[in-house]
Each structure stands twice: as C-alpha cells, then as structure tokens.
Amino acid sequence: MNWNICSCWTGAVVRSITILVVIVTVAELPAVAQSASGNPAPERPWMNVQLSPDERADLVVKEMTLAEKISLLHGTSMKDLSPMSPLAGQSNGGAGYVVGIPRLGIPGIQMSDAAYGVRHSGDNGRYSTALPDDLAGAASWDLDVAYEYGALIGRELRDQGYNMSLGGGVNLAREPRDGRTFEYMGEDPLLAGKMVGQLIKGTQAQHVLGDIKHYALNDQESGRNAVNVNIDKRSMRETDLLAFEIGLRESNAAAVMCSYNRVNGAYACENKYLLTDVLKKAWTFNGFVLSDWGGAHSTAEASAAGLDHEEPGDLFYGAELAKAVNSGQVPLAEVDDHVHRILRSMFARGVIDDPPRKSVVDVVRGFEVAQRIAEQSIVLLKNDRAQLPLDASQLRTIAVIGAHSDLGMLSGGGSAQVDPPGGNAIMPPGEGRTTWQAHIWFPTSPLKAIRARAPAAKVQYDPGTDISSAAALAKAADVAIVFAQQWESEGMDLETLSLPEQQDDLIAQVAAANPHTIVVLETGSPVTMPWAGQVAGILEAWYPGTRGAEAVASILFGDVNPSAKLPITFPKSDTDLPHPTLVKPPKRSTTQPSDSEPWRAIAKGLPVFQVTYDEGLKVGYKWYDAERKEVLFPFGYGLSYTSYSYSNLKLTSGKTIRVSFRLSNTGPRAGAEVAEVYAVLPASAGEPPKRLVGWSKVKLDPGENREVTIEVDPWYLSVFDINRDAWQLQSGEYTFLLGGSSRSLPLKESINLK
Ligand code: BGC
C-alpha cells in the first residue's frame, strides 16, 4: 500500500483504511507476516533481546507503513465519550487504548488512570486497591514506600490487563487550593521529584509503561483548558520543572503527559520550549510525550514542537497528520521519531517481551500494603500533654463524631478516583456507582476500628450535624475524637482552605465540652484550623485509602508510632497565600467535556485568561520564609511518640557534599525520624532563604543513636542561569541547616564551595 497516492483522504476514509489494515493483519496472524513491500517480513529480528531498545525500535519502524505509524500516534477515544473509533472495542476499559500492530507483533497500549490505585474497576467488574492518596505517600518521606506504592499499582494494572499507567502526578503545590493537590507530591521539587521517581520505578519494574504528568504548570484546575500561565524561565526551571526533571532522572519514565494549560503563550502540548528544548534536548528524555485528554490543538505545530501522541482520539494525529505528511508539511522523519519513541519505550519497559496476563488482583496483599503505607503517611500535628497514644485500658467512654466516621473514610475524586468495594460507603446498597465528581467514601469505618481497639469502652457515635448533640456526647465521654473532612477533585478548586459545612464550629464546641478532644482530618490539601489551640491532638490522615480507619486506629492507640512529615505547608489563613484569591476564568470555562464531541470543543480552544506566578521561586515554605510569615504547621513538620536529638554536624566536600551527624532516639519508643537538611545559598544566588537539599528517614530503637550521612548532589545547590541556559553552582559560602522540620533546625554548619 502506498500512502502517497492518497493525499486527498478524509478522516472517515483514513479510519476505515486503518480498520481494514487491522482486520487483514489480525487474520494473518500468526502466519507469515507481510512486510510493507508485500514481501514476507523477516523473522522479527527486533525480538532479539540482546539488541538495545533503540535498535529494536529502529528495526520495527523500517517495516512499518505510514498508516501503521500513524495508528500508534493517537488513541481510539474513551468509553462513553464520542467520537469513538470502532477499534476501541478492543480496549480493556481504561482511559486510553492505542491499537497494536499484530502483523509485526506489537501489542496495543492499554492505558489506565492510576493515581492512588487503578481506576474504572467498578465499571469493568474488577477490583483495585485504593492506596492513601499521593500527597499522603509523599508525607512518608520514604523512598521505599514510594517504590512499594508504585509497584502495587503496576501489579494491579497488569492483573487487570493494562500495560500503561497514567499515574505519576507531580505538579508542584504552588496553589494549595488546587483540586488535584491530593494527586501530587507537595510543594518541594526535590521531595516531589524523588518520591514520584521511585513510584514510577516501582510501577515500571512490573513491566508497565510509566507516565509523569501534567507537564507543566497545571497548578490549578479552574479554567485549566483556558489559562495561560506566565512565569519567568528561571523560576519554572527551579520549581515546577525541577520536580519533573528529578522524577524523570530517577525513573526513566516511558511517557510524559503534557497539560491542558498554556505556558507563556503556547499550549503546553505544542510548547517547543517545554517539549523539545527542555524535555527532549536538555533532559535527554527518550520516551514519548502524550497529550492530556483533549490537550492537543494542532497537527504540524504540535508535531514540530515535540508532541508524539494524541489522546484520546485522532483529531490532529489521524487523517490530518497523514495529510500533513503527504503534503510535506510534517517531515516523515518527525513521524518516525514519534513512533520510535513509543516503540523504544515499549521495548525498554518490557511490555513487548512480557505482556500482561490477566489475573485476580491480590486483595489481601493490597489491604496489607495500603494499611502499612497509611500508617507511614499519617502526620501527628499536635499532641498536648501526651494525650496520644490512647490507653484503651483507661478509657470507659469514647465519643466518635462527624464525617460519616461510623461508615467510611473519604477519597479524592476525578480521574484519580478508585472504586470502593461494594460501592460508596455512605450510599444505600446498589447505589454506589462512582460517577464523575461524586464524593466517594471507602468502607473503612473508624468507629468499628476504634471499637476493636477499645473493646471494654463504650464507644458512641454522633454524626456531628447537630452541634449541640455532638458536644453533649463529647462532654460525657473520657475522650472525643472528631473526624473532619474536605473533599476535592480534578475539575475544581477549593474556594478556601477552611473546612466546609460548619466543621470549624463543630470542633470548637466539642473541644469546649471536652478537653481531651482529638481531631482526625481527611483532606487532600492543607486546612486552616481556627480551633487548633483548643484541641488536645490533631492527626492529618489525608485520604487514607482502603484501610484508612485501621491505620488511624493503630496510630491513635500507639500500635504504630507516627513518623510522617508534612510535604506541604499549612498556612494560618488564605490571606497568607501568595495569591489570596485564586484567579478564575472570567466566565466558567469548560474543564470537563460535556457536549457530544467533547474533545473537539476543548481542542478548538477556549477564551484565554492569564495567571501570573510572580511569586516565582517562592513556592510553599520558600514563600513563608521569604515573607517572614508565621504558619500553622510548617513544611517537614510532624510529631512522634518518642523524641530525637541531633548532634555532631560535619560537612565534607568532594563530588558531593557529605552531611554527617549523630541522631539519637531519646524517648521511650522505637520510631523513625525524618532528618532534613536545608541549604542557605550565597547571597549572590538571589534565592529564597533556604531550600531542602536532602533527607534521610532513620529507624531507631529507644536509646539508640546512629551516625547518619546524607550526600547532597551539587545540582541541588545550584541555580538555573538563564543566560547560559544551564545549572550553575555559585561560588561562596553555603550554610547547611539540620533538624526535624523546616522551622526547627537546631544544627548549622557552613562551607565554602568552588
Ligand atoms: C486528566 C488526566 C487523565 C486523563 C484520562 C484528564 O482529564 O487531566 O490526568 O489521565 O483525563 O482520564
């Protein structure tokens, strides 16, 4: 077949030709395959595992027709959304499906959303584990936890027949009211980059393509398809982009998903600076760039800028791309590069040599991993008079109040949503289908878990909707545990960091009635706490996943010693944020498709509005430090049931800066301390007051002490020089600060570098 004679083809013709090619080739399998020239294809030399992924990909590309190449460069639409290619019938039911090329032994790509577990399992009659949300995972500050998190997702994807994950969200929490904050890894590029890197490594080790998203600066959901983000180059390289750079370096992710928004004028999915200059050239990324769903806006421009693959359909990378190639507008070499990147990633990650085999998800293992990760992610924010851990033998009555804590715990919504077993825990049976942006509760009951830990106590529940009844129950109890929640989701932002639905009043009145009040938060973002001074204890449980209640109870009753630290600052109020008011589109812009051809509507483009990130480098704690603002709970903060002390800080410089110190567990319990190292750069660098440059999570028995060394890569001490378009280590004095939170750094030592 010669594509060149068909330069006048319409989309419909191209689609039917593509179907024909697939039908013909499926029928041929596994008989002798035909090459593009009509001759029998050679013995699939690309199946020789001794060759490199690049060599293997090159061999396949040589055999491919243009139609086959183009079929790899777009999706086939998404369940329930039109227009849908009939080829989507072979989809596994995930968010994306790319047809394979059976003639050449290339499998299709079955993509699923998988932020904190595999999506769409309910509709597909399957089961997926819901892990604690991604921000919770980051709160563990534990690289092994991140790996295990990603590995579980990879295993469950394979068990369900997928070979690509669409997890790996790492947009920096520049705007903590962003409705997807729970899907990301917090506000620091080093922490976020390292954690997402390990997560993707864990997923890819299961022979599943990993993805990192949404590249870049998709830091708010309001008007995400319409917003143009203005930011200077240095700031973006040192903040939002650095998280991606580190994540990619650590993981070799197969794919990067470009985002909906524009950055400095150009859509992220056709932004040459982001996709080619930075990602593919400066970072030498050899995987492929896929558009967010409906994020592609052009053919030739996007292709030249570096977009390799369009999702979910073929508005620009189907017939239009064929036309553009035939007219010479898009060079064939460019198409070959897009195809090569996809194939080399498939070879490199093992999805061709070791395709998924459907199996039953290991539910029991999932429960166990989810609980263990939750126990390492829940942050103890306050513990006055050692109120916690609770001693069950001393308690006669416990009041459990609010947030449906009799039945379940909250999860984050949107495309991250994992379906709970048995449906939504707070809906009548049979009505638990997880529809877009429904508030979904997992059937993990805090009330039951607390009763199980304190069998001799009378544990009573009050829904918290009538504040005086809740306060009365609290007054009569030995201890009151109030559960409070704030739901968030893709496609929306929070109006405010305040708790909704009068929960602030509820907590204040319960605390007034009972001095032994503990608050357990189920939130995806920081919240403000006007009542913080009145309660005895506060736990941030995030959206804790399928075994959240059991994990909370283990911490409340001291079976587990909390060891997590905040990956994001909790400010005192919205007015302390860099942008006290979130900038919204003038009129409500579509953030989620709703018409009959939804992707076309987004792709056509919406009226643009501007957001300017003039706080620049000052993201998260760097903002509060630079502005000398008090915060409610600082970045890196979290309490334990034991205590630690730091001594003997020493610095030595070589290829890396070695930060050595002694860490001691000075309290009565075994625990794990996250020791954090921050650096103050020379004044000439023009940086915010300090930045995180390393950490180590160290397990210590009571009374044990240990010599710890953290190696700091000079890159993490560098600044991005826009004139030289490179990272640069400034000469001068660097001060290293060491301690257990960004605002509690007892040791300090300086060194001259260069
Ligand atoms: C989201 C992506 C997601 C995709 C497919 C988009 O709306 O922004 O994160 O992977 O849909 O579901």
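The values are calculated or read from the model by the stated rules, or taken from the named source; none is laboratory data. In this text the structure is predicted, and so the values were computed from the model without any measurement. Cβ: placed from backbone, ideal geometry, glycine included. Neighbour counts: every protein chain shown. Accessible surface areas use protein heavy atoms only, side chains included; no ligands, DNA or RNA. Shrake-Rupley method; radii C 1.70, N 1.55, O 1.52, S 1.80 Å.
At what distance in nm do the modelled label points of Thr435 and Asp391 sit from each other, each positioned 7 Å from its Cα along Cα→Cβ?
With each label point 7 Å from Cα toward Cβ, the separation is 5.1 nm.
With unit charges on the beta carbon (Lys/Arg positive, Asp/Glu negative), name the residue among Tyr543, Gln502, Met427 whose Cα is farthest towards the positive pole of the charge dipole of the chain.
Projecting each Cα onto the dipole axis, the largest value belongs to Tyr543.
List every residue whose amide H lies under 5 Å from the amide H of Val227, counting only residues 5 or more places away in sequence or on a different chain, with H placed 1.01 Å from N in the peptide plane.
Arg262, Phe609
Apply 1/(1 + (r/R0)^6) to the Cβ-Cβ distance of Arg249 and Glu704, taking R0 = 35 Å, and write down the FRET efficiency to the nearest 0.05.
Efficiency at R0 = 35 Å is approximately 0.55.
Using modelled backbone amide H atoms (1.01 Å from N, in-plane), which distant-in-sequence or interchain residues come within less than 5 Å of Val256's amide H?
Correct list: Ile212, Phe288, Val289, Leu290.
In vacuum, with every alpha carbon of the stretch 642-753 counted as one equal point scatterer, what does the Debye formula give for log10 I(q)/I(0) at q = 0.14, 0.22 Å⁻¹? Two decimals, please.
For the requested q values the scattering log ratios are -0.57, -1.15.
Under unit Cβ charges (Lys, Arg +1; Asp, Glu -1), what dipole magnitude, rounded to 20 debye, does the chain have relative to its Cα centre?
With Lys and Arg at +1 and Asp and Glu at -1, about 760 debye.
If R₀ is 25 angstrom, what is the calculated FRET efficiency for the pair Thr652 and Arg724, using the beta carbon separation as r and rounding to 0.05?
Using R0 = 25 Å, I get an efficiency of 0.30.
Using a 1.4 angstrom probe on the protein heavy atoms only, could you order Arg662, Arg451, Arg357 from most to least accessible area?
Descending accessible area places them as Arg357, Arg451, Arg662.
Which one of Thr652, Ser750, Val708 is farthest out on the positive end of the charge dipole of the stretch 642-753, using unit charges on Cβ (Lys, Arg +1; Asp, Glu -1) and the Cα centre as origin?
The one lying farthest along the dipole's positive direction is Val708.
Report, to the nearest 10°, how far helix 53-63 tilts away from the longest principal axis of the Cα atoms in the chain, using its own Cα long axis and a range of 0 to 90°.
30 degrees
Can you list the lysines whose alpha carbon is less than 18 Å from that of Lys655, not counting same-chain residues fewer than 8 positions off?
Lys754
Charges on Cβ only, +1 for Lys and Arg, -1 for Asp and Glu, centred on the Cα centroid of the chain; of Cys258, Ala139, Asn326, which one is farthest towards the dipole's positive end?
Farthest towards the positive end: Ala139.
Distance in nm between label sites at Ser573 and Val364, each 7 Å beyond Cα in the beta-carbon direction?
5.4 nm
Enter the angle in degrees (range 0 to 90, nearest 10) between the Cα long axis of helix 332-348 and the first principal axis of the Cα atoms of the chain, meaning the one along which they spread out most.
So the inclination is approximately 50 degrees.
Per residue, how many Å² of accessible area does the chain show with a 1.4 Å probe?
35 Å²
For the chain, count all C-alpha to C-alpha pairs, find those more than 45 Å apart, and express that count as a whole percent of the total.
The calculated P(r) of the chain puts 23 percent of pairs beyond 45 Å.
For the stretch 308-374, what class follows from the C-alpha gyration tensor (a ≥ b ≥ c being the square roots of its eigenvalues): rounded when a/c is under 1.5, otherwise prolate if a/b is larger than b/c, else oblate?
Judged from the Cα gyration tensor, the stretch 308-374 comes out prolate (a/c at least 1.5, a/b above b/c).
Which order do peptides 540-553, 647-660 fall in by mean Cβ count within 10 Å, highest first?
Output ranking for 540-553, 647-660: 540-553, 647-660.
What ranking, highest mean first, results for peptides 406-414, 692-700, 124-132 when packing means the other Cβ atoms within 10 Å averaged over each residue?
406-414, 124-132, 692-700
Please give me the summed charge of the neighbours of Glu550: other residues whose Cβ is under 11 Å from its Cβ, Lys and Arg +1, Asp and Glu -1.
+1
By how many nm would the segment from Ser684 to Arg600 grow when fully extended, if each residue of separation counts as 0.36 nm and the alpha-carbon distance is taken off?
25.3 nm
Can you give the calculated 222 nm mean residue ellipticity of the chain, where each DSSP H run of n ≥ 4 adds -39,500 (n - 2.57) and the sum is split over every residue, rounded to the nearest 500 deg cm²/dmol?
After summing the helix terms and dividing by residue count, I get -7500 deg cm²/dmol.
Would you mind computing, in nm to one decimal, how far apart the modelled labels at Ala476 and Asp54 are, each placed 7 Å from Cα along Cα→Cβ?
7.4 nm
Please report the spacing between the Cα centers of the stretch 84-152 and the stretch 411-489 in Å, no decimals.
27 Å
Over 21 Å, how big is the tail of the calculated P(r) for the stretch 288-412, in percent of all Cα pairs?
67 percent
Once the Cα atoms of helix 143-159 and of the chain are each reduced to a long axis, what angle between those two axes, in degrees from 0 to 90 to the nearest 10, is obtained?
50 degrees
Structure shown: which of Lys382/Lys697; Lys458/Lys565; Lys697/Lys748; Lys272/Lys604; Lys233/Lys272; Lys690/Lys748 lie over 24 Å apart, alpha-carbon to alpha-carbon?
Violating the 24 Å limit, Cα to Cα: Lys458/Lys565.
Kindly state, to the nearest 0.05, the FRET efficiency for Asp713 paired with Lys62, given R0 = 51 Å and r defined as their beta-carbon distance.
E(calc), rounded to 0.05, equals 0.80.
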